[in-house]
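Presented below is the structure to which this report refers.
All of the numbers you see were taken from the coordinates with simple rules; none came from a lab. Please read these numbers as outputs of a predicted model, since none were measured by experiment. Backbone-built Cβ (ideal geometry, glycine too); neighbour counts: all protein chains shown.
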């Protein structure tokens, strides 16, 4: 049996911070998967498959409530259970016939990167070309051929749909575009509340699912000249969020299985939470559904600024299609007006005005427009009070946040960075500072005006304008980076997700522009509908859809400069989908991805098959096309923030053949011998990737490979880069605590990498052990200890007072301000610590790919003494 997650979530036993970077659990709730075989002891033939588990609990006096019951043999059988008393978790674990127990995880409602409700056809925020995404991907050509997804059923698991929208059919039920669905939760629901389900999935208070539905199925002929990718497909809406808030993933499992029962051909979820592992309940269920022959598309996530190894569940499902976002070719941005000299307005990267009234003179921190470290050091004493200026600063060298903090020390509250040609003209994230970025040429011109003492001022009215976006077609800055910690390629493929016009609930404005991987995901779902319509609905085709989209995708460069390296596959997957090519290609390449693993588990010899499905003989040539190598860990042993830096170092690829002929229907297996790049620093945990191009006279296809030029077992688990973590919050030496509701120790730590097993125990202050991290007032080292999993009270050579938490497959922390916290004075089994005594926290994290029984495979830390004596 696999027991995933803490035996009892800490939130039930003690206070737990919402600052934990990854998904958090719902207190006391578990998803139980059971064996469906008839030999389970005590199972009656008339029982539901999980009834014996519930009966086992009842017989032992356990108080519990059943949430969702799952009965989909071959996919998932079990139930979600809420225990009334945390101490009863052991009885649940001991029930016969259990396959796995996982805590119910919280998933946040979808949050688009940008959102603008369109006021009308004259809205300046409306892109010039609302169908540019169809042109980028060949959808326009398929529509010209008369392919619109007719006869294909797509289930949308989201916030519900406003089916009253005239471009979404104007009604609900058989004969309408939105022909079926279910509301699992109700308007007022958020996780922890009692759901109020019904058969009507109408959403007129959130809007996200309606926008998703329009990307797939909006009818043409509307005032904005848009149409869905597969607007003749039939939609089902499965509502899993209320108007706002969170949902437990037990609801998502119910929705996935309902979509299967309703015989949907495709299920799409623009939903997820950072995980980094393939083992969450939703990932496992979604992957099984995909393997059964139903296409499942899932958003990769919108946290690209947090760097690598930050993939999202359920998109981490091994067989699902995880979708990255690319930017639209047109973008609507705000403009600054120029006074005093003749000039056009200057676009700055913001969808809303900076909003400060008045006209402001400019101040450039350097008149050298080639400076590499502008405002990275403390500004000179000669710098004036910047509070009444627009401060002009060149990007580069140090972070935008650091530059802004230096400027703020001189009073700056309105900052325009200008692109240095490296960072790119794209959105920047610097917290609460009032700042944006402008193009390089505009910034250099402003600096020249400042140097010439020109009488120039800037103002910031609400003045949006549509501009050709130089990053159009590139991977969006916000799109999540992979891979997973078990070395699966995520995302799989990319689609347009930046600045997309689509339907919105009628009471909320009817039409809106949104950005995010949430928008890219239904684009792939619609593309899959066109594929099934063209080639015929069957499980085999559905299982191969990801390979088809991957091998025919358009490879995406890092930028549009001449000679740019390709974006890492850990960000773009196999490239930007080309739906026309996917359907019309007469060459198949399978599998679509080659997973090489890390250097300790390396699989450098890989094979793939090329097949000629056309009517004529084809001559093929094969070549290697490397992508940039992602340096995922910074030299401070922190995850490198996005955009993750890329190295030009590349793998060496040797092929068993570089050319051959294939008759119609003939296939050929090719073996690739792939060696990791040699000239890289393994401590940066370089994710290398690339593509093996398979070209005929008329077609160009490829297979994607990915590996790690380091051993994952060497990845640092706990962040000690600042010398302050792990720590007992605000503790200096030994301290007394009263252990009441206001006075208790707080263990604070950050995770540089995910860990297969994270454990926190309370131990005797005089314990003699060896730990791997700096002692920070801990006892002198003594005997080592071993780590048999699943023994809650003792280890082989370490006596523990009690377990505070244990969690499997934990993701890393995100950003500089996110920490994991364990606080309170209760054990995981809900019993209180002894009222009087001194203790230490023992924190342990298993290294990725480590052996959970081997002490050497853990990072560990022992806290200073905490306790209370009257």
Anisotropy class of the chain from Cα gyration tensor, a/c 1.5 cut:
rounded
Reduced to Cα centres, the span from the stretch 333-381 to the stretch 482-524 in Å works out to 32 Å
Extending each Cα 7 Å along its Cβ direction at residue 590 and residue 366, get the distance between those two points in nm, one decimal.
5.5 nm
Taking the alpha-carbon centre of each part, the distance from the stretch 153-181 to the stretch 82-113 in Å is 32 Å
Given q = 0.18, 0.25 Å⁻¹, what are the Debye log10 I(q)/I(0) values for the stretch 375-420, with equal point scatterers placed on the Cα positions and solvent ignored?
-0.46, -0.89
Find how many whole Å separate the alpha carbon centroid of the stretch 641-688 from the alpha carbon centroid of the stretch 573-629.
11 Å
For each of 239, 288, 102, 55, count neighbouring Cβ atoms within 10 Å of the residue's Cβ, then give the residues from fewest to most.
55, 288, 102, 239
For the stretch 475-624: rounded, prolate or oblate by the Cα gyration tensor [a/c cutoff 1.5]:
oblate
With a ≥ b ≥ c from the Cα gyration tensor eigenvalues, square-rooted, and the rule rounded for a/c under 1.5, otherwise prolate when a/b > b/c and oblate otherwise, the stretch 333-476 is rounded
Computed helical MRE - 222 nm, the chain, DSSP H runs ≥ 4 contributing -39500 (n - 2.57), nearest 500:
-4000 deg cm²/dmol
What order do you get for 654, 147, 695, 546 when you list them from fewest to most C-beta neighbours inside 10 Å?
654, 695, 147, 546
Taking the beta-carbon count within 10 Å as an exposure proxy, list 833, 402 from fewest neighbours to most.
402, 833
Rounded to the nearest whole number, the Stokes-Einstein translational diffusion coefficient of the stretch 585-715 at 37 °C and 0.692 mPa s (Kirkwood radius, C-alpha pairs) in µm²/s is 209 µm²/s
On the formula 1/(1 + (r/R0)^6), with r taken between the Cβ atoms of residue 441 and residue 205 and R0 of 60 Å, the FRET efficiency rounded to 0.05 is 0.85
Peptides 434-441, 669-676, 461-468 ordered by average Cβ neighbours within 10 Å, highest first:
434-441, 669-676, 461-468
